[in-house]
Amino acid sequence: MIYKGYKIRVRCIDWEQVDLLDRYWKLFTSYVESEKLIGLGMNWTEDYLYFDYALGVIDDEDTLNKIKSIDLSETEFDINYIEISLPNFEEWETFKGKEKDLKQIYENKIDCYNKLYNYELEYIDGKGNLEIKIHYTSA
């Protein structure tokens, strides 16, 4: 499964990444419907203070072409295009909830402080619903 999109580097101290990622999503959703985008978190630093976050698609060339047509040169973000092979979906756990409960989902359901994972996929439907797929590390 190949994920294609645009990534930024994010600092995650005291959940400050939520505001930054909200602005990042708003940039993309001014051109593409949110339900067509997939957020991808990955590449956490050893101290878990930074990670990469991308917005993109899996198997959706039409939406990818719309994303590629966005002029990203004049934004607040340092953005890089990526294509990355992800593990099969059978190896992921799915969590659902409301977008407003994002922090509680990560802290209480996903257990982000105690269980290590190497990828997260976020689906937001524009109506406040959220689906998160987590690929936990085997170590």
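The values are calculated or read from the model by the stated rules, or taken from the named source; none is laboratory data. Computed from a predicted model, the values in this text were never measured in an experiment. In this analysis, Cβ positions are derived from the backbone assuming ideal geometry, glycine residues included, and neighbour counts consider all displayed protein chains. Note: accessible area is taken over every heavy atom of the protein model, side chains too, but ligands, DNA and RNA are not part of it. Shrake-Rupley method; radii C 1.70, N 1.55, O 1.52, S 1.80 Å.
Considering (1) among the aliphatic types (A, V, I, L, M); (2) at pLDDT below 95; (3) under 16 Å from Lys4 (Cα atoms), say which one Ile58 fails and leave the rest.
(2)
Looking only at the stretch 44-71, filter to residues that are surrounded by 15 or more Cβ atoms within 10 Å (Cβ to Cβ) and of a type outside the set (A, V, I, L, M, F, W, C); which one of those is farthest from the chain's Cα centre (by Cα)?
From the stretch 44-71, those surrounded by 15 or more Cβ atoms within 10 Å (Cβ to Cβ) are 44, 50-58, 60, 63-64, 66-67, 70; that's our starting set.
Now narrow it down to the ones that are of a type outside the set (A, V, I, L, M, F, W, C): 50, 52-53, 56, 60, 63, 66.
Working: Tyr50: 14, Asp52: 9, Tyr53: 5, Gly56: 8, Asp60: 16, Thr63: 16, Lys66: 18 Å.
Once the filter is applied, the top-ranked residue is Lys66.
Among the residues of the stretch 1-37, count how many are outside any helix (DSSP H, G or I), open to solvent by 40 Å² or more (accessible area, probe 1.4 Å) and of a type in the set (Ser, Thr, Tyr).
2
Applying the selection to the stretch 72-101, what residues are of a type in the set (A, V, I, L, M, F, W, C) and surrounded by fewer than 13 Cβ atoms within 10 Å (Cβ to Cβ)? Spell out how you get there, then give the answer.
Pass one, the stretch 72-101, residues of a type in the set (A, V, I, L, M, F, W, C): 72, 77, 79, 82, 84, 86, 89, 92, 95.
Result: Phe89, single match.
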